[in-house]
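Everything on this sheet refers to the single structure shown next.
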Amino acid sequence: MRFVFHYPEIGGPDGDLLDSGPPAEVATAAERAGFDGFSLSEHPVPGARWLASGGHQTLDPFVALGYVAGATQRLRLLTYLAVAPYRNPFLLAKAAATLDKVSGGRMILGLGTGYQKSEFKALGVDFDERNTLFDEALDVLPRHWSGEPFSYEGRHFSARDVVARPRPVQDPIPIWIGGNSALSRRRVAERAQGWMPMSGGAELSTTARTPELGSVDRLAARITEIRTAAESAGRTDHIDVVYSYHGAGITTPTVDADRHREAFGELEKAGVDWVVVSSRSHESAATLDFLAAFGATYLS
């Protein structure tokens with residue numbers, strides 16, 4: 001099982017987005033500590049009311065991960081997650097291909113349908129069309145990344161005899177889809193390389209408009225269901241599962257380490273390949289201390 005460090009998110013309307021530390025310095029420390037991935041989320045224009053009730057700002061994940069790519073050697077670079085309907089799919093494909101190319105093939109494109117109506121409205125995107133927009137992005141991405149001439153006719157986008165470069169290093173760039181719904185799981189089984197179930201309890205699931213994930217046993221059943229469906233569809237590749245770990249006290253990783261190790265073991269047994277953790281720190285020194293302590297405790 002491998003671990004991803006999620007760059008801490010600043011809650012509320014205040015604070016600077018780099019309070020947790022310069023991303024290149026933090027990513028370098030994560031790589032040194034033994035992490036295998038580094039992730040950022042996406043909220044381009046969050047609502048003030050959501051921020052006041054505990055929401056968070058984010059950096060642009062593609063720009064920030066491009067910067068991180070230049071400072072690191074082996075970290076996988078994960079959008080956890082980018083909202084596919086927010087972006088024209090051809091621009092989304094271009095950004096992902098560029099990041100994969102400049103990083104030497106380290107990009108993982110984590111995608112979701114999105115849930116904040118106010119952001120959709122601010123960006124001029126029809127919230128009720130988000131699932132169609134998401135599926136059109138899944139149609140476009142592999143065509144774009146092929147580097148060969150292609151045409152596409154969808155409900156919202158069309159292209160005739162176009163060619164897009166650069167070709168990404170990976171063929172394909174892994175697409176990991178977020179969400180707990182039956183539709184999300186079906187998309188993973190049929191069209192993606194990974195699943196990002198949303199953990200965090202009932203309140204977060206309600207906010208994000210996705211069913212609650214439930215127990216580890218239920219997670220294991222869902223993982224088996226997805227992988228079985230993929231096999232039934234004729235797929236032979238492995239589908240990765242990434243899980244965001246919110247175990248009480250993990251921000252002080254040296255305390256109660258055996259309990260966390262046991263939890264990680266249960267997740268691995270359930271079929272989880274990657275675990276995402278974050279320090280939730282708002283000071284650079286605290287972030288770096290967390291990375292060093294987590295690495296020494298769990299990754300050495």
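Results, tabulated for the structure shown:
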{"item": "Search result, residues across the range 7-16 that are farther than 13 Å from G55 by Cα and surrounded by fewer than 20 Cβ atoms within 10 Å (Cβ to Cβ)", "result": "D16"}
{"item": "Selection within the range 72-124 - farther than 27 Å from V275 by Cβ and small (G, A, S)", "result": "A93, A97, S118, A122, G124"}
{"item": "Hits in the range 70-89 (condition: more than 16 Å from the chain's Cα centre (by Cα), crowded, with 18+ Cβ neighbours inside 10 Å and part of a helix (DSSP H, G or I))", "result": "P89"}
{"item": "In the range 244-300, the residues that are among the hydroxyl-bearing types (S, T, Y), outside any loop (DSSP other than H, G, I, E, B) and within 22 Å of I108 (Cα to Cα)", "result": "S244"}
{"item": "Complete set of residues in the range 4-51 that are over 19 Å from A293 (Cβ atoms), outside any loop (DSSP other than H, G, I, E, B) and not small (G, A, S)", "result": "P23, L40, R49, W50, L51"}
{"item": "Subset of the range 63-103 [of a type outside the set (A, V, I, L, M) and farther than 19 Å from P22 by Cα]", "result": "P85, Y86, R87, N88, P89, F90, K94, T98, D100, K101"}
{"item": "Hey, G66 surrounded by fewer than 23 Cβ atoms within 10 Å (Cβ to Cβ) and under 30 Å from P13 (Cα atoms) or not", "result": "yes"}
{"item": "Options K117, K121; residue that is among the basic types (K, R) and more than 21 Å from the chain's Cα centre (by Cα)", "result": "K121"}
{"item": "Neighbours by Cβ (under 7 Å, 6+ apart or cross-chain): first from the range 123-147, among the aromatic types (F, W, Y); second surrounded by 19 or more Cβ atoms within 10 Å (Cβ to Cβ)", "result": "F127/F120; F134/A84; F134/P85; F134/T113; W145/A93; W145/A97; W145/P168; W145/I173"}
{"item": "Residues satisfying the stated conditions in the range 229-243, i.e. assigned to a loop (DSSP other than H, G, I, E, B) and either in contact with a Cys (Cβ under 8 Å, 6 or more places away or on another chain) or at negative phi (or both)", "result": "A233, R235, T236, D237, H238, I239"}
{"item": "Of all residues making up the range 35-48, the number that are over 19 Å from the mean Cα position of the chain (by Cα), in contact (Cβ under 8 Å) with a residue 60 or more places away in the chain and surrounded by fewer than 16 Cβ atoms within 10 Å (Cβ to Cβ)", "result": "0"}
{"item": "Sole exception among (1) acidic (D, E); (2) closer than 25 Å to K117 by Cα; (3) surrounded by fewer than 15 Cβ atoms within 10 Å (Cβ to Cβ) for D256, by number", "result": "(2)"}
{"item": "From S151, S215, residue being without any contact (Cβ under 8 Å) to a residue 24 or more places away in the chain, surrounded by fewer than 15 Cβ atoms within 10 Å (Cβ to Cβ) and in contact with a strand residue (DSSP E or B) (Cβ under 6 Å, 6 or more places away or on another chain)", "result": "S151"}
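Residue-wise test of (1) touching a residue at least 40 places away in the same chain (Cβ under 8 Å); (2) hydroxyl-bearing (S, T, Y).
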{"residue": "V63", "(1), (2)": "no, no"}
{"residue": "A69", "(1), (2)": "no, no"}
{"residue": "A84", "(1), (2)": "yes, no"}
{"residue": "L109", "(1), (2)": "yes, no"}
{"residue": "T113", "(1), (2)": "yes, yes"}
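Each reported figure results from applying straightforward, stated rules to the coordinates on display, with no laboratory input. Note that the structure is predicted; figures quoted are calculated from it, not measured. So basically every Cβ, Gly included, is an ideal-geometry build from the backbone, and we count neighbours across all protein chains shown.
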